[in-house]
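Reviewing the structure listed below.
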Amino acid sequence: MTVFNKVEFDNHEQVVFCSDEESGLKAIIAVHNTQLGPAVGGCRLWDYASDEDAVYDVLRLSKGMTYKNAVARLPFGGGKSVIIGDAKKIKSESLFRAFGRQLERLSGSYYSAEDVNITTADVAIMNKETNYVLGLEGKSGNPSPFTALGTFLGIKAAFKHMNGHEDLSGVKVSVQGLGAVAYSLCEYLHGVGAQLFVTDINQASIDRVVKDFNAIAVDIDEIYDLDVDVYAPCALGATINDETIPRIKAKIIAGCANNQLAESRHGEVLREKGVLYAPDYVINAGGIINVWYETLEGGYNEAASTKHVEGIYTTLCEIFERSKTEQKSTHLIADELAQEIIKNGL
């Protein structure tokens, strides 16, 4: 397995492979860039098909965190971690304590938090072995509602750019993936009268959203073929690819998943097709913004955090306008903005 010559490797400062025989821990920690501050990004627990898939994921995710934190104007660098395995089988106190000890060995170059299949309770166990974790209960807590708020506001910003107003009443939205963030997003959308079409690999998650928000359930593969206004990818990444783009009828793609574009070129393909894409690491930054507010000297301030998250709306409006003026895809505009901030500082 190679790392340095992978396309996803972008001069990462550190890629650390971790193991612990007693707990069964197999993990990878990737620190992409610490120019603006210590690398911060959540830990994902996933049953990857291969070690190569795990490396691919952690490299893409950690770079995305560098850009996400920069555009959100946070004094954080970018990092990410993955624990390899089936969450239903391997979760244990010893696993998370072992991972916490691995974080401690990095001496603060990387701070972890919750992500897919990791809860704030799991992070609290890591915290028994290290202080290099964020998003703790009793401080900023669960970041999911803030990620959902930012995503909801991002959808409104995209709709306003395309249609001149942000009234989502009667607007058809397909939501792919119904985890904690997506559930809250569906709640926001239902509250303003949007019509929801949803899918997930977990039937219980589908049933809950159908019951609570009068959503219409569709098959996993059918989600791409729906005649909707907005496609909201909220599961894992790379769902926007050569196979799915010709099938997507939505004129707006705006969701909370990371790494939605399978390849960078797909952003330009969307632009040429007339689809407005809300760059993932901009629209889904609400969670990491909220986490930052627990690091401040005066302690966590929910009102200040919420106001900062609401700024995602303005940032996306600026990106959409620059994209239109410069005739360049939105994800490239977002990348340029991130690179400017990293180079010049906050």
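No lab work stands behind these numbers, since they all come straight from the coordinates. As the structure is a prediction and not an experimental result, all values here were calculated from the model. Because the Cβ atoms are built from the backbone with ideal geometry, glycine has one as well, and the counts that use them run over all protein chains shown.
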Can you sort S174, S323 from fewest to most other Cβ atoms within 10 Å of each residue's own Cβ? S323, S174
Per DSSP H run of n ≥ 4, the term is -39500 (n - 2.57); total these for the chain, divide by its residue number, and report the mean residue ellipticity at 222 nm rounded to 500 deg cm²/dmol. -13500 deg cm²/dmol
Give me the net charge for the shell around T120: Cβ to Cβ below 13 angstrom, other residues only, Lys and Arg +1, Asp and Glu -1. -4
Descending packing, highest mean Cβ count within 10 Å first, for 119-132, 14-27 is 119-132, 14-27
Of (i) 19.1, 58; (ii) 20.7, 60; (iii) 20.0, 68, which is the value of Rg and Dmax of the Cα atoms in Å derived from the coordinates here? (i)
Comparing N290, N163, N117, which has the greatest mean-square fluctuation in the GNM of the chain with Cα pairs linked when under 10 Å apart? N163
Name the shape class, rounded, prolate or oblate, that the alpha-carbon gyration tensor gives for the stretch 144-344, where a ≥ b ≥ c are the square roots of its eigenvalues, rounded holds for a/c under 1.5, and otherwise prolate holds if a/b is larger than b/c and oblate otherwise. oblate
Could you tell me which residue out of L45, V175, G150 lies farthest along the dipole of the chain toward its positive end? Charges go on the beta carbon: Lys and Arg +1, Asp and Glu -1, centred on the Cα centre. G150
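Of the cross-linked pairs K88/K211; K63/K139; K160/K343; K156/K324; K139/K307; K80/K273, which ones have a Cα-Cα span greater than 23 Å in the structure shown?
K88/K211; K63/K139; K160/K343; K80/K273
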If you average the C-alpha positions of the stretch 73-102 and of the stretch 258-324 separately, how far apart do those two centres end up, in angstrom? 24
Whole-angstrom gap from the stretch 1-61 to the stretch 153-189, using each part's C-alpha centre: 31
Going Cα to Cα from K328, which aspartates and glutamates come in below 17 Å? Please leave out same-chain ones fewer than 8 positions away. E263, E268, E272, D280, E318, E336, E340
